[in-house]
């Protein structure tokens with residue numbers, strides 16, 4: 001039996017409203033199919049445009065088996081390129097971020113223009129045609145500073161997500177922002193455990209004392225309640241009257257959701273006292289309490305936007321039981337550390353929360369790997385979000401595993 005069929009049968013074993021079978025969290029064959037069917041075919045969040053504002057600035061990331069570089073060209077355009085030299089495959093952009101005049105392979109100094117064209121290749125002979133050996137392009141789309149890339153030959157439609165998220169993000173004026181701080185955590189757990197943990201707050205009261213000073217889980221994010229909740233409806237009405245779209249919008253296939261929720265009484269930011277961490281605002285709404293805008297887009301990102309700052313989170317799988325989680329604290333470009341914000345105060349809540357989540361994910365992975373593990377039922381009150389994520393994963397994987405027409409990734 002081929003691997004696709006094997007993984008399809010494993011997914012079919014999942015009971016409704018239950019966690020996934022053990023192999024789906026740990027088996028190398030499942031991990032490979034996750035890469036082939038999702039990470040190598042879908043739009044993956046790479047970073048923000050304001051991280052590479054200048055000509056020659058780049059960021060690099062590893063999407064499954066594909067190293068990718070995102071570069072600001074001499075023409076000001078942002079492009080994504082396969083980060084693999086056309087000579088013998090060495091990474092042309094070896095660092096996570098940098099700034100260069102040209103893209104120069106560190107191995108044999110093949111030199112590429114910032115748009116990927118090969119400019120120089122020494123000792124290759126008179127009959128060598130440079131035009132045939134430029135860096136291969138990667139699909140690249142931008143929405144309100146968010147750079148998404150797709151390594152597949154044929155990329156899925158991006159317009160539905162772009163059209164949905166743009167009205168929510170536009171009022172936060174992200175083009176006028178910068179990264180105040182970035183953290184990178186390697187969690188020893190499967191990427192699905194990382195996202196499952198994010199999609200529920202059943203664990204929050206007992207695990208996240210810093211976050212719970214301001215955050216209040218709202219079940220509308222999982223599609224429960226919403227307009228039936230008078231407090232939430234009033235929050236939506238107030239924010240929308242100030243020009244801040246707030247009511248829940250979701251993709252038909254469950255891949256993305258966007259909504260704005262209220263924080264705890266008196267809190268307007270993720271700080272220990274709920275007060276702003278940054279002087280000034282990311283929006284011009286005039287509404288002092290916009291709560292938190294939440295949006296996630298499977299499989300690679302979730303995000304929080306507040307009145308004074310924002311946080312973007314990126315998930316990248318490193319192996320069956322290893323995941324990189326990158327968090328960026330976003331503030332106004334003009335905000336000065338030590339003047340407009342104290343970095344420790346700005347980052348305290350989510351540095352603590354991320355580390356607590358890492359511990360939970362790693363403990364879950366150890367337990368899931370046990371021969372005694374048996375998938376348990378989800379709470380109908382507190383785990384609808386995580387159930388929705390697992391439903392989405394199983395549905396899309398079954399569709400793609402059993403589809404005879406493959407979206408073949410670029411070789």
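The values are calculated or read from the model by the stated rules, or taken from the named source; none is laboratory data. Because the structure is predicted, anything quoted here is derived from the model rather than measured. Counting neighbours? That spans all protein chains shown, and the Cβs are built from the backbone with ideal geometry, glycine included.
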Out of curiosity, is residue 361 out of contact with any strand residue (DSSP E or B) (no Cβ under 9 Å at 6 or more places or on another chain), farther than 29 Å from residue 246 by Cα and either surrounded by 15 or more Cβ atoms within 10 Å (Cβ to Cβ) or not assigned by TED's automatic domain parsing to the domain that holds residue 212 (or both)?
no
In region 140-160, residues that are closer than 19 Å to residue 37 by Cα and under 14 Å from the mean Cα position of the chain (by Cα) total 3
What do you reckon, is residue 194 surrounded by fewer than 17 Cβ atoms within 10 Å (Cβ to Cβ) and either modelled with pLDDT of 95 or more or in a helix (DSSP H, G or I) (or both)?
no
Out of 106, 137, report the one residue that is modelled with pLDDT of 95 or more, surrounded by fewer than 20 Cβ atoms within 10 Å (Cβ to Cβ), within 23 Å of the chain's Cα centre (by Cα) and not assigned by TED's automatic domain parsing to the domain that holds residue 258.
137
Within region 119-136, the residues that are in a strand (DSSP E or B) and over 15 Å from residue 73 (Cβ atoms) are 120
Taking region 364-382 on its own, how many of its residues are surrounded by 16 or more Cβ atoms within 10 Å (Cβ to Cβ), over 24 Å from residue 209 (Cα atoms) and in contact with a strand residue (DSSP E or B) (Cβ under 7 Å, 6 or more places away or on another chain)?
1
Checking the condition buried (at least 16 other Cβ atoms within 10 Å of the Cβ), in the same structural domain as residue 308 (by TED's automatic domain parsing), at pLDDT 95 or above and farther than 26 Å from residue 332 by Cβ, which residue from 255, 238 passes?
255
Show me the strands (runs of 3 or more DSSP E) found entirely inside region 257-368 where at least 2 residues are more than 22 Å from residue 149 (Cβ to Cβ) and in contact with a helix residue (DSSP H, G or I) (Cβ under 8 Å, 6 or more places away or on another chain).
292-297, 322-332
In region 176-191, residues that are under 21 Å from residue 309 (Cα atoms) and surrounded by 20 or more Cβ atoms within 10 Å (Cβ to Cβ) total 2
So, in region 36-61, how many residues would count as being over 13 Å from the mean Cα position of the chain (by Cα), outside any helix (DSSP H, G or I) and on the phi < 0 side of the Ramachandran plot?
9
